[in-house]
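Everything on this sheet refers to the single structure shown next.
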Amino acid sequence: MQKQNPRILIVEDSKTQALQLKRDLNKEGYQTTVAYNALEALELLKGQTFDIVISDVIMPEMDGYELCKIIKKEFQDPPLAVILLTALQEPEDIIKGLASGADNFIIKPYDLPTLINRIEYILANQKIRESNGPELKFEVVFAGKRHTITSQQMQIIDILLSSYETILQKTRELERVNKELKEALNEIKQLHGMLPICSHCHKIRDDEGYWHRVEEYIEEHAEVTFTHSLCPTCLVELYPEYADKVKKRQSDKEK
């Protein structure tokens with residue numbers, strides 16, 4: 001059975017993000033403690049027991065990968081799961097996660113339901129992880145760099161599954177944005193077709209048969225705001241005396 005009120009150590013150098021995550025997890029019934037850097041987290045781990053560590057990757061002094069390596073080496077009785085919060089911008093990030101022994105990735109910015117699902121998954125499989133047998137140690141060469149990976153089978157599966165899920169989320173988000181862009185382009189293309197326009201007053205007729213001033217129609221169908229002025233031709237025609245003054249001022253400036 002999953003234990004009641006699991007204890008989670010949050011490692012995040014951004015105080016705002018750390019406290020927000022603490023509030024969110026507390027509302028879900030988890031007991032949380034915050035460390036604002038990796039060294040502070042290691043001190044807390046020496047005196048307290050936690051079920052999961054959720055750590056940011058990019059931190060001063062010691063990053064999340066190095067912190068995870070130390071946790072996996074020194075705090076394995078019982079095994080302590082580590083979730084890394086990362087931008088996951090490069091394939092090498094996955095290799096680094098495997099090499100550090102991390103159990104899961106969460107992409108930043110993350111949504112709370114995804115994080116809760118990952119936490120529940122780790123807690124539900126905790127017994128399997130504890131009896132997962134000896135560690136595997138092997139080397140891989142990726143992007144011209146050699147990486148030594150020491151991890152259990154379950155951890156490798158977890159990190160690869162979470163990485164795949166993260167990539168899938170990014171793909172879905174890109175698909176959503178592309179769909180919105182296509183819809184926006186379709187709306188803009190409405191202005192590229194043939195528009196019925198009055199040859200006298202220059203009003204435009206819409207699809208429902210109503211007539212609008214040109215600027216009203218364009219403002220309604222595109223993100224455009226008009227300002228009004230007079231072109232030189234209309235200025236001379238409507239206000240000849242003022243046009244002469246403007247012309248004279250411009251001539252004086254050129255001198």
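The values are calculated or read from the model by the stated rules, or taken from the named source; none is laboratory data. Keep in mind it's a predicted model, so treat the numbers as computed, not measured. FYI the Cβ positions are ideal-geometry reconstructions off the backbone, even for glycines, and counts take in every protein chain you see. With ligands, DNA and RNA removed, areas are computed over all heavy atoms of the protein, side chains included. Shrake-Rupley method; radii C 1.70, N 1.55, O 1.52, S 1.80 Å.
Listing for the model above:
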quantity: Listed pairs 73/145; 27/108; 96/179; 15/69 exceeding 26 Å between Cα atoms; calculated: 96/179
quantity: Residue-normalised accessible area of region 1-88, given per residue in Å² at a 1.4 Å probe; calculated: 50 Å²
quantity: Percent accessible area from carbon and sulfur atoms, region 1-121, protein chains only, probe 1.4 Å; calculated: 50 percent
quantity: Sequence-distant aspartates and glutamates (8 or more away, or on other chains) whose Cα lies within less than 16 Å of residue 182; calculated: 173, 223
quantity: Assigned charges on the beta-carbon of Lys, Arg, Asp, Glu; region 37-95 dipole about Cα centre (debye); calculated: 240 debye
